[in-house]
1. Could you list all residues from the stretch 70-108 that are out of contact with any Ser or Thr (no Cβ under 7 Å at 6 or more places or on another chain) and touching a residue at least 40 places away in the same chain (Cβ under 8 Å)?
2. I'd like the full set of residues that are assigned to a loop (DSSP other than H, G, I, E, B) and within 24 Å of R124 (Cα to Cα), limited to the stretch 40-49.
3. Checking the structure you have, find out if any residue of the stretch 50-63 is open to solvent by 30 Å² or more (accessible area, probe 1.4 Å), in contact with a Phe, Trp or Tyr (Cβ under 7 Å, 6 or more places away or on another chain) and either modelled with pLDDT of 95 or more or part of a strand (DSSP E or B) (or both).
4. Out of the residues in the stretch 1-39 that are open to solvent by 70 Å² or more (accessible area, probe 1.4 Å), of a type in the set (A, V, I, L, M, F, W, C) and part of a loop (DSSP other than H, G, I, E, B), state the one that is modelled with the lowest pLDDT.
5. Give me the residue from the stretch 109-134 that is touching a residue at least 40 places away in the same chain (Cβ under 8 Å) and part of a loop (DSSP other than H, G, I, E, B) and, out of that set, farthest from L60 (Cα to Cα).
Amino acid sequence: MTDKVQSHGMSVQLESAEGSLLVEAYGDGGFRLMERRVVGSVYVRPSGFFPFAADDLASLAAEHVDAVIADHGKPEILLIGTGADMMLLPKALRLHLEDAGIGYDVMSTGAAARTYNVLTIEGRDVAAILLQVP
């Protein structure tokens, strides 16, 4: 299926198998997922998306990550979208992820959304924490 989605912010060209949950658009404080607007940050897996308590990198804590992993399982790779720009994770959070054996990659939210879509289409076990982009 190919679909072009328009939204405030960035739109993404989708090419996927039926049933895959992809990030259709992002920006303006939220995301477009499953053809509906979702305000705020989200945790996304191919099986569903869930509101995420942190709205920016300063408020992202190990407890947030632990809660979604406990509820939805540990992915092969966790993408972390840090907002409009790529920023480094706080040292304590990096060490926590490494100690927990969670493979992760950090990038801007836009890059994380696009990478999540590609890995999902490839059938990889991926999850993404996508912090909202104003």
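The values are calculated or read from the model by the stated rules, or taken from the named source; none is laboratory data. Everything numeric in this text was worked out from a predicted model, so none of it was measured. Please note: Cβ atoms are built from the backbone with ideal geometry, for glycine as well, and neighbour counts cover all protein chains shown. Calculation scope for accessible area: heavy atoms of the full protein, side chains included, ligands and nucleic acids excluded. Shrake-Rupley method; radii C 1.70, N 1.55, O 1.52, S 1.80 Å.
1. H72, P75, E76, I77, L78, I80
2. S41, P46, S47
3. The first filter runs over the stretch 50-63 and keeps only residues open to solvent by 30 Å² or more (accessible area, probe 1.4 Å), leaving 50-51, 53, 55-56, 58-59, 63.
Keeping just the survivors that are in contact with a Phe, Trp or Tyr (Cβ under 7 Å, 6 or more places away or on another chain) gives 50.
Remaining after also requiring either modelled with pLDDT of 95 or more or part of a strand (DSSP E or B) (or both): 50.
Yes, the stretch 50-63 has at least one match.
4. M1
5. Pass one, the stretch 109-134, residues touching a residue at least 40 places away in the same chain (Cβ under 8 Å): 109-110, 113-114, 116-117, 119-121, 124-134.
Narrowing the set further to residues that are part of a loop (DSSP other than H, G, I, E, B) leaves 124-125, 131-134.
Numbers: R124: 25, D125: 22, L131: 9, Q132: 12, V133: 14, P134: 16 Å.
Residue satisfying both the conditions and the ranking: R124.
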